[in-house]
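See below for the structure under consideration.
The values are calculated or read from the model by the stated rules, or taken from the named source; none is laboratory data. Every value quoted in this text rests on a predicted model; they were computed, and no experiment measured them. Every residue, glycine among them, receives a Cβ derived from its backbone with ideal geometry; neighbour counts consider all protein chains shown. Each accessible area value is taken on the protein alone, full model and side chains, heavy atoms only, with ligands, DNA and RNA left out. Shrake-Rupley method; radii C 1.70, N 1.55, O 1.52, S 1.80 Å.
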Amino acid sequence: MMDFSQRLQRIAANPDALTQIGRGLEREALRITPEGALSPEPHPSGLGSALTNKWITTDYAESLLEFITPVSHNVEHLLSQLADIHQFTYAQMGDERLWPMSMPCFVGNEDDITLAQYGSSNTGRMKNLYREGLKRRYGSIMQVISGVHFNFSFPDSFWDQLFGEQAADERQNAVSDAYFGLIRNYYRFGWLIPYLFGASPALCGSFLNNAASSKLAFEKVGEGTYFLPNATALRLSDLGYTNSEQSSLKIGFNGLPEYLEGLRRAIRTPSEKFAEIGVKVDGEYRQLNANVLQIENELYAPIRPKRVTQSGEKPSEALERGGVEYIEVRSLDVNPFSPVGITADQVRFLDLFLTWAVLSDSAPMDQCELECWRDNWNRVVLDGRNPELLLKIGCDGERLTVQQWGSRVFAELAEVAKVMDTAAGNDEYQQTLSRLQTWIDEPSLTLSAQVLTQIKEQQGIGRMGKALLAEHATTLSEREYGYYDQAAFEQEAQDSAVRQAEIESADMVSFDTFLDQYFADIKSV
């Protein structure tokens with residue numbers, strides 16, 4: 001049985017195992033009017049079809065853009081692609097700007113938030129109806145919180161080094177098991193990500209209209225911004241993007257069969273609360289169904305196992321067919337100081353952390369232990385910069401401060417950084433880790449501390465956000481394309497409109513029949 005250092009040395013024998021890591025980014029951002037309100041305008045026509053454009057789509061709302069990069073093996077290329085997408089988008093937005101923070105500023109009325117529109121096809125209508133269900137279940141304000149998702153995969157050469165020669169089925173199972181080991185370690189130690197990169201220590205008062213907020217000692221700055229002095233990522237707290245109905249799902253992460261069983265149980269479990277909404281009332285749909293999850297994407301989690309789906313395939317069906325192909329990290333706040341919402345240091349830290357997590361021992365985890373680790377996450381998002389905050393190792397282990405525990409993890413991350421720099425022929429990973437080590441030692445250097453300082457200086461989220469979005473707009477308008485060019489984006493916009501029209505003309509069944517067929521496996525249980 002190998003330990004962490006032995007596994008790392010085995011990987012180090014082949015540089016391709018660490019230089020060919022696959023990365024992709026998905027960044028969400030609200031379109032904002034010059035006055036600082038949510039844009040009431042439809043998706044800009046110059047961006048093509050939100051249903052089919054491979055780079056630029058929408059998330060929950062028509063005003064909530066989502067930028068998607070392809071898989072890249074180079075950090076600079078990845079960020080250049082993302083910047084190019086931003087640059088082209090800005091050119092299609094007129095005088096609108098992109099809100100630079102995860103938490104939106106004041107939203108006066110939920111009816112101001114227009115659900116994303118995807119055309120008249122059955123697929124497009126289903127995407128819109130799913131969002132209608134989210135609106136009725138949780139309200140629209142929660143749904144316009146923005147984040148950055150990081151998609152990550154190891155190359156075949158990584159698994160060749162780690163596992164040696166294997167038959168196809170054996171390799172598929174071994175890779176899936178390894179990714180689930182990574183996921184368990186992410187739950188154990190991933191609180192480091194909101195500690196370092198959480199950027200939502202404050203929020204607008206419009207988010208405080210629930211019971212969770214009454215238990216917290218918020219302080220106020222400006223006309224309506226509320227903050228917790230040591231908070232890191234309120235976006236990840238019960239005040240942010242959560243679903244209390246899911247707390248009883250008990251989805252496990254000890255392997256793909258357990259995960260799929262739990263996920264499928266969730267999408268087949270009726271919810272009394274959601275049944276009260278109704279599914280189809282007076283001929284109008286209100287949600288896709290009345291189960292705890294309408295579809296699998298409704299599962300809120302800080303990390304997900306993924307596989308690229310084939311046409312008509314559900315995410316769980318793809319995982320069952322081919323095993324885990326990559327993981328999606330979903331706990332990153334938008335970095336408000338970056339024009340594209342994330343920096344190279346953040347990407348490289350995630351490279352290090354996820355590589356460390358897959359190479360480290362990762363024992364099975366029952367639901368009791370999982371809840372203990374989730375409690376650590378909650379402590380960090382609400383009070384992570386408190387130097388006296390103690391986190392527990394499992395349910396019965398010793399208690400350590402964030403600094404003590406973070407330093408232990410960083411000591412092993414340093415080993416990974418050396419190996420990755422040797423493979424790449426530079427010292428960029430070690431430089432990143434050295435910079436972030438100071439953030440472990442001094443909480444006032446973390447992203448959330450920097451954000452809170454700016455919010456206080458400018459007397460609120462609104463003023464800080466407006467100042468930053470003006471800076472970012474200037475930066476993006478003055479740069480040159482670094483990876484793509486204008487013509488490529490214009491062609492994709494045109495092609496996406498054609499693809500949407502083809503999808504709409506190809507529909508052969510009614511929307512009711514389409515939904516019946518899609519959910520046939522659920523209704524038959």
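Could you check region 412-432 and list, in sequence order, the residues that are farther than 20 Å from F197 by Cβ, part of a helix (DSSP H, G or I) and without any contact (Cβ under 8 Å) to a residue 60 or more places away in the chain?
Pass one, region 412-432, residues farther than 20 Å from F197 by Cβ: 415, 418-419, 421-427.
If we keep only those that are part of a helix (DSSP H, G or I) as well, we get 415, 418-419, 421-424.
Within region 412-432, K418, D421 meet the criteria.
Only one of E28, E62, E66, E110 is touching a residue at least 12 places away in the same chain (Cβ under 8 Å), under 19 Å from R131 (Cβ atoms) and open to solvent by 50 Å² or more (accessible area, probe 1.4 Å); which?
On the way: E28 fails: open to solvent by 50 Å² or more (accessible area, probe 1.4 Å); E62 fails: open to solvent by 50 Å² or more (accessible area, probe 1.4 Å); E66 fails: open to solvent by 50 Å² or more (accessible area, probe 1.4 Å).
Residue meeting the stated conditions: E110.
Might you let me know whether region 40-47 holds any residue that is modelled with pLDDT of 95 or more, open to solvent by less than 10 Å² (accessible area, probe 1.4 Å) and assigned to a helix (DSSP H, G or I)?
Yes, the conditions are met somewhere in region 40-47.
Condition (residue is open to solvent by less than 20 Å² (accessible area, probe 1.4 Å), out of contact with any His (no Cβ under 8 Å at 6 or more places or on another chain), modelled with pLDDT of 95 or more and among the aromatic types (F, W, Y)) applied to region 84-97: is it met by at least one residue?
For region 84-97, residues open to solvent by less than 20 Å² (accessible area, probe 1.4 Å), out of contact with any His (no Cβ under 8 Å at 6 or more places or on another chain), modelled with pLDDT of 95 or more and among the aromatic types (F, W, Y): present.
Filter region 265-285 down to the residues that are among the aliphatic types (A, V, I, L, M) and in a helix (DSSP H, G or I), then identify the one that is farthest from S248 (Cα to Cα). Reasoning before the result, please.
Taking region 265-285 and keeping what is among the aliphatic types (A, V, I, L, M), we get 266-267, 275, 277, 279, 281.
Pick out the ones that are also in a helix (DSSP H, G or I) and you get 266-267, 275.
On the way: A266: 9, I267: 13, A275: 17 Å.
Checked region 265-285; the qualifying residue farthest from S248 (Cα to Cα) is A275.
Does V347 satisfy the condition of being in a loop (DSSP other than H, G, I, E, B), modelled with pLDDT of 95 or more, over 25 Å from Y138 (Cα atoms) and touching a strand residue (DSSP E or B) at 6+ places or on another chain (Cβ under 8 Å)? Give the steps one after another, and end with the answer.
On the way: in a loop (DSSP other than H, G, I, E, B): no; modelled with pLDDT of 95 or more: yes; over 25 Å from Y138 (Cα atoms): yes; touching a strand residue (DSSP E or B) at 6+ places or on another chain (Cβ under 8 Å): yes.
Answer is no for this residue.
Quick test for you: out of N185, N128, pick the one residue that is open to solvent by 30 Å² or more (accessible area, probe 1.4 Å), of a type in the set (S, T, N, Q) and not in a loop (DSSP other than H, G, I, E, B). Walk me through it before giving the result.
Numbers: N185 fails: open to solvent by 30 Å² or more (accessible area, probe 1.4 Å).
That would be N128, the only listed residue that is open to solvent by 30 Å² or more (accessible area, probe 1.4 Å), of a type in the set (S, T, N, Q) and not in a loop (DSSP other than H, G, I, E, B).
Out of T52, T57, I need the residue that is assigned to a loop (DSSP other than H, G, I, E, B), within 20 Å of N151 (Cα to Cα) and among the polar types (S, T, N, Q). Which one? Please lay out each step first, then the result.
Values: T57 fails: assigned to a loop (DSSP other than H, G, I, E, B).
Sole residue among the options that is assigned to a loop (DSSP other than H, G, I, E, B), within 20 Å of N151 (Cα to Cα) and among the polar types (S, T, N, Q): T52.
A467 versus (1) of a type in the set (G, A, S); (2) within 30 Å of S45 (Cβ to Cβ); (3) touching a Ser or Thr at 6+ places or on another chain (Cβ under 9 Å); (4) in a helix (DSSP H, G or I): which is the lone unmet condition?
(3)
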